[in-house]
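J.: One structure is given below, represented as structure tokens, and several questions about it will come after.
The values are calculated or read from the model by the stated rules, or taken from the named source; none is laboratory data. Bear in mind that the values here come from a model prediction, so they are computed numbers and not experimental data. Every residue, glycine as well, gets a Cβ built from its backbone with ideal geometry; the counts of neighbours run over all protein chains shown. We work out accessible area using only protein heavy atoms, side chains counted, and drop any ligands, DNA or RNA first. Shrake-Rupley method; radii C 1.70, N 1.55, O 1.52, S 1.80 Å.
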Amino acid sequence: AIDARRCELAIVAVLLHDSGYLRLRGDRKGTGAKYTQTHVNRSCEFAEALLISKGFSPEQVLSVKNMIRCTGMGANMTSTQFRSEAEKLCGFALGTADLLGQMAAEDYVEKLPILYDEFVESGRFNGNPGAVGFASAEDLMRKTQGFWEKYVLPKVENDFQGLFRHLAT
């Protein structure tokens, strides 16, 4: 069972999980896409600062950060120190929804060229332009089926324990 407070914390994590794309007021170069490679850590930092300022306890802040970490592309769920099964379940729900929500969008394929541009900007900003992983937007489009089969499906099936089956009902 997930109590009301845990549900509230999960909603906070949902609302803040991509806050790491936000630029600071003085940051005028590029777009928030430059933070693609670091946005999960930045989201955790933003959430921590905001929630502490709003009087959340350190335990509640950690819970929100653990849930946000479930949205990271390279997130290793076995190394995340969840404090309870309920916290883990909420994090897995967020991670599942983040992946499936993006890929299920009607215009997902049409948006891939924009996503490629974001990867390029992030690679350039982080001093690692080769980290893009795709030769072009067309290459990204060609590799999308493999991304689904080799990353998303195993992630939601295994790492997130097939939670999407329960969410569907």
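J.: I want to check the label-to-label distance for ARG23 and ALA4. Put each point 7 Å from Cα in the C-beta direction and report it in nm to one decimal.
T.: In this crude spin-label approximation the distance works out to 4.2 nm.
J.: Follow-up question, since we're still on this one. Rounded to the nearest 500, what is the 222 nm mean residue ellipticity of the chain from helices alone, with -39500 (n - 2.57) per DSSP H run of 4+ residues and division by all residues?
T.: Helix-only estimate at 222 nm: -18000 deg cm²/dmol.
J.: Right, something else. Output ³J(HN,Hα) for the range 101-116: one whole-Hz value per residue in order, computed from phi by the Karplus curve 6.51 cos²θ - 1.76 cosθ + 1.60 with θ = phi - 60°, and x for Gly and Pro.
T.: Values per residue, Gly and Pro as x: x, 5, 6, 7, 4, 3, 9, 3, 5, 5, 8, 4, x, 5, 4, 4 Hz.
J.: Okay, moving on. Between HIS166 and ARG83, take the C-beta separation as r, use R0 = 25 Å, and let me know the FRET efficiency to the nearest 0.05.
T.: The formula returns an efficiency of 0.70 here.
J.: Apply the Karplus parameterisation 6.51 cos²θ - 1.76 cosθ + 1.60, with θ equal to phi minus 60°, to every residue of the range 146-151 and state each ³J(HN,Hα) to the nearest whole Hz, in sequence, with x for glycine and proline.
T.: x, 4, 4, 6, 9, 10
J.: Here is a follow-up. Out of the total accessible area of the range 119-169 (probe 1.4 Å, heavy atoms of protein only), what percent is carbon and sulfur?
T.: That share works out to 55 percent.
J.: Which of LYS34/LYS150; LYS29/LYS155; LYS54/LYS143; LYS29/LYS88; LYS34/LYS54; LYS54/LYS150 have a Cα-Cα distance over 32 Å?
T.: Correct reply: LYS29/LYS155; LYS54/LYS143; LYS29/LYS88; LYS54/LYS150.
J.: Given points 7 Å out from each Cα along the Cα-Cβ axis, report the ILE114 to SER136 separation in nanometres with one decimal.
T.: Those two pseudo-labels are separated by 2.2 nm.
J.: Follow-up. In whole Hz, what ³J(HN,Hα) sequence does the range 46-61 give by Karplus (6.51, -1.76, 1.60; θ = phi - 60°), x for Gly and Pro?
T.: The phi angles translate into 4, 4, 4, 4, 5, 5, 4, 5, 9, x, 5, 6, x, 5, 5, 4 Hz.
J.: Also, quick follow-up: Given a 1.4 angstrom probe, I'd like the percentage of the accessible area of the range 34-109 that is carbon and sulfur, rounded to a whole number.
T.: Summing carbon and sulfur atoms, their accessible area is 55 percent of the total for the range 34-109.
J.: Summing Lys, Arg as +1 and Asp, Glu as -1, what charge do residues with Cβ under 12 Å from the Cβ of PHE56 carry, PHE56 excluded?
T.: Within the 12 Å Cβ shell, the charges total 0.
J.: A further question on this structure: Rounded to two decimals, what is Rg over Rh for the range 20-169 when you use alpha-carbon atoms and the Kirkwood radius?
T.: 0.99
J.: Continuing with the same structure: Send over a whole-number figure in Å² for the accessible area per residue of the range 36-139, probe 1.4 Å.
T.: On a per-residue basis, the range 36-139 sits at 53 Å².
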